[in-house]
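Each value in this text was obtained by applying a stated rule to the coordinates, not by laboratory testing. Quick caveat, the model's predicted, so the values are computed rather than measured. In this analysis, Cβ positions are derived from the backbone assuming ideal geometry, glycine residues included, and neighbour counts consider all displayed protein chains.
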Amino acid sequence: MNLVVLMRMVPDVVEELEIAPDGKSLDQEALRLIVSESDDHALEEALLLKERFGGRVTVVAPEAPEVADVLYTAAAKGADRVIQLRGVEPGLGVAAMAEACAAALSAIPDLLPADLVLTGAQSIEDLDGLVAPLVAHRLGWPYLGVVTAVSEVSNGTATVIKEFQAGYRGEFQVSLPAVLGVQAAEKPPRYVPVAKVRAAMKATRIEEFEAPQPVPEPLQDVTIVALAKPEATGRAEMLEGSVEEVAGKLCELLAERGLL
Amino acid sequence: MAGNIWVVADQWQGRLTDITFEALALGREVADAFKVPLEAVLMGHGCASLAEELGCADNVIYAEHPALAEPVPETHARALTELAQQRQPRAIVIPATNTNWGANTLLAAQLGVPGLNFVVDLKAVDGALEARCVLYGGKIQVRVQPRKEPAVIGLWPGARPADQGRSERKPSVEQASVSLAAEPKVRLKRYIEPEAGEVDLTRQDILVAVGRGIQSKDNLELAEELARALGGEICGSRPVVDQGWLPLSRQIGKSGLTVKPKLYLALGISGAPEHVEGMKGSSLIVAVNTDPQAPIFNIAHYGVVADALELAPALAEAVRARKG
């Protein structure tokens, strides 16, 4: 199978997010970027499919700080080809980014035809669209999201599992080629030791590809009025003190409510 | 009529979901503000009777087609595109559920208009439509105005109380025909029932929930011990299940269970909207997180800024001492 994985960097929300002085974007300098979590699952699912059905995995990622580490790690995990897309900035303008990525997929030499394009089902900054359906629309391929497994591939179709709700899932038949938005891979993303990543850094060449012009302007169809940190409607009453003191206070609270 | 506000009815197992009524309540406010009719769009096959429940809307557009019986976002987006092109609504509100995940983005792409995700509120501001979206795991809200119509609004659960969107009134129903491909490229083969968990978490009074903050599977034991001391059960948020530390049958939130226990003790859970959706109705929410800015503290009744790995054993001991 020829598998393409789209990955991108997003702000690490474990860090404090600062709003830029214009009030309409995040302060880029204060941001620490990490790979979008479900994109990492999309890579894992692609690697599992390669192991099961054979083929090759190509990872494409828009340029961003630290993205080289992500691409080398992908290579260490088993990706055959890693490509950094220049001229496309990740951020709130997801629709423009997805459009540019889709255009690049068609333009990168020896990439298409592919059987599947896999990417995360969603990211934490998908304000104006989701990448998987946007890429599917642009390529004219079928789309399915919230995917948790691809169980079979034969005769130009894939059997794909997606999540519904309350633990229910659905088994779908999807014509190939297709774009899948992966929620979670069949197994947790594999761990690679640092030594293996270092070896990949020596053995792997990250291909650089300039996004086809014109690269769409982000957020053309929407006006950002303002960013804000959420106002707490019912902010929790905070319990303070040592761990033992807090444990004691919580015990009192639970006992008062008849929960102990 | 052009310029109307549309709400797309969301169905699950032959019934309208709560978020459909939440969306209707919100849509009603927006339609009234713009002084235009509110229309509900019901799509499916042989489900005309559901239209009777959509009386919060002035009118129901019922699109009937065999292909619409399957929960395939692509098929539903295609039908909506056709309807929207004919009728030119001002805004199309689509509940963002897993069932139709991505349909709003596909619809927007097909119409060449903006599609907004993670919308928690929508209103008229100086004659323009303005949405409030929750991004970055609940840490940032964005107020945004679409520049083209129809604006496609992917609505998150909880925007309004569902009961506000229910009505005894019988709406007018208009049958609409849509032409869809005879052989869709995505087909549902079968539903897979939930794996039976050993306990029914929705019936538990006390739940100890763990999130990414517990750091490793080995630390799960600390939470399990606390759950035992409290006489409750353990459950978790999405990342914990994705890591394989807990089974899917114990996941709370968007893809998992919705619970309303008497006590929900959240250990190392940040409070992303996907998780909050499944536990916000709990009677008492106590959250423990090292990050004082964690969104979970905005919905918890009591909060502790601490390492859950330190607090859990201390609390278990205090509970055991108290219970004797």
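Think of the stretch A:2-210 as having a plus end and a minus end, set by charges on the Cβ of Lys, Arg, Asp and Glu; of A:P90, A:G156, A:C101, A:G156 sits farthest toward the positive end of this dipole.
Size of the protein assembly as shown: Rg and Dmax of its alpha carbons, in Å, are 23.7, 72. Amide H to amide H, with H built 1.01 Å from N, A:V222 comes under 5 Å of B:R147, counting only residues 5 or more places away or on other chains. Counting other Cβ atoms within 10 Å as a rough exposure proxy, the listed residues A:M238, A:M7 run A:M238, A:M7 from fewest neighbours to most.
Percent relative contact order of the stretch A:2-210, based on C-alpha pairs within less than 8 angstrom and at least six residues apart?
On the way: 459 pairs, mean separation 52.1, N = 209.
Normalised by residue count, the contact order of the stretch A:2-210 is 25 percent.
Quantify how strongly other chains surround peptide A:19-28 by giving the mean number of their Cβ atoms within 10 Å of each of its Cβ atoms. Display every interim value, and only then the final one.
Numbers: counts 1, 0, 0, 0, 1, 3, 1, 3, 0, 0.
That average works out to 1.
Scanning residues 5 or more positions from A:M238 or on other chains, those with amide H under 5 Å from its amide H are B:G303, with H placed 1.01 Å from N in the peptide plane.
Grab the other residues whose beta carbon is less than 11 angstrom from that of A:G248, score K and R as +1, D and E as -1, and report the net. Taking every other residue near A:G248 into account, the sum is -2.
For B:G3, nonlocal amide neighbours, meaning residues 5 or more places apart or on other chains whose placed amide H falls under 5 Å from its own, are B:R90. Under the simplified labelling scheme, the B:S177-B:K148 pair shows an inter-label distance of 3.0 nm, with each label point 7 Å from Cα along Cα→Cβ. Rounded to the nearest Hz, the phi-derived 3J(HN,Hα) couplings of the stretch B:6-20 under the Karplus curve 6.51 cos²θ - 1.76 cosθ + 1.60 (θ = phi - 60°) are 10, 10, 8, 6, 9, 10, 9, 6, x, 10, 6, 8, 4, 5, 4, where x marks glycine and proline.
Using only alpha carbon pairs under 8 Å that are at least six residues apart, calculate the relative contact order of chain B and give it in whole percent. Before the final figure, lay out each step's value.
On the way: 723 pairs, mean separation 50.3, N = 324.
Normalised by residue count, the contact order of chain B is 16 percent.
Number of Lys-Lys pairs in the stretch A:2-210 with C-alpha atoms under 25 Å apart and a separation of 8 or more places or on different chains: 11.
The alpha carbons of the stretch A:74-214 stretch over 43, 39, 34 Å along the principal axes, in descending order. For the stretch A:1-87, the list of trypsin sites (Lys or Arg not before Pro) that fall in a loop by DSSP and count at most 16 other C-beta atoms within 10 angstrom reads A:R32. Based on C-alpha pairs under 8 angstrom that are at least 6 apart in sequence, the stretch B:201-323 has a relative contact order of 26 percent.
Counting, for every residue in A:240-249, the Cβ atoms of other protein chains within 10 Å of its Cβ and taking the mean gives 6. Net charge dipole, the protein assembly as shown: roughly 780 debye, given to the nearest 20, about the Cα centre with Cβ charges of +1 for Lys and Arg and -1 for Asp and Glu.
How much mean residue ellipticity at 222 nm does chain B get from its helices, if each DSSP H run of length 4 or more adds -39500 (n - 2.57) and you divide by all residues, to the nearest 500 deg cm²/dmol? Intermediate values should be presented prior to the final figure.
Values: 8 runs with 81 residues, N = 324.
Counting only the DSSP helices, I get -7500 deg cm²/dmol.
When only the Cβ of Lys, Arg, Asp and Glu is charged (+1, +1, -1, -1), the dipole of the stretch A:2-210 relative to its Cα centre reaches about 940 debye. Residues B:K189, A:K249, B:K35, B:K139 in ascending order of nearby Cβ atoms (within 10 Å, fewest first): B:K35, B:K189, A:K249, B:K139.
The order of the peptides B:49-62, B:235-248 by mean Cβ neighbours within 10 Å, most packed first, is B:235-248, B:49-62. Its residue count N sets the reference 2.2 N^0.38 Å, and the alpha-carbon radius of gyration of chain B equals 1.10 times that reference. Cβ crowding within 10 Å ranks B:H275, A:H137 as A:H137, B:H275, fewest other Cβ atoms first. Placing unit charges on each Cβ (+1 for Lys and Arg, -1 for Asp and Glu) gives the protein assembly as shown a dipole about its Cα centre, and among A:S175, B:Q251, B:A318 the Cα reaching farthest toward its positive end belongs to A:S175.
Placing +1 on the Cβ of every Lys and Arg and -1 on the Cβ of every Asp and Glu, with no other charges, gives chain B a dipole of roughly 340 debye about its Cα centre. Working note: Karplus 6.51/-1.76/1.60 with θ = phi - 60° gives the stretch A:55-63 the couplings x, 9, 10, 10, 9, 10, 9, x, 5 Hz, where Gly and Pro are set to x. Counting Lys and Arg as +1 and Asp and Glu as -1 over every other residue whose Cβ lies under 11 Å from the Cβ of B:V178, the net charge comes to -1.
So how do A:155-161, B:2-8, A:15-21 stack up, highest first, on mean other-Cβ count within 10 Å? Don't skip to the end; give the middle numbers.
On the way: A:155-161: 16.4, B:2-8: 23.7, A:15-21: 14.1.
Taking the mean over residues of other Cβ atoms within 10 Å, the ranking is B:2-8, A:155-161, A:15-21.
In terms of its C-alpha gyration tensor, the stretch B:5-176 has a rounded overall shape, because the principal axis ratio a/c (a ≥ b ≥ c, square roots of the eigenvalues) stays below 1.5. Taking every lysine pair in chain B that is 8 or more places apart or spans two chains, those with Cα atoms closer than 20 Å amount to 9.
What number comes out for the charge environment of B:L111, summing +1 per Lys or Arg and -1 per Asp or Glu over other residues with Cβ under 10 Å away?
On the way: positive: B:K148; negative: B:E149.
Its environment carries a net charge of 0.
When restricted to Cα atoms, chain A yields an Rg and a Dmax of 21.2, 68 Å, respectively.
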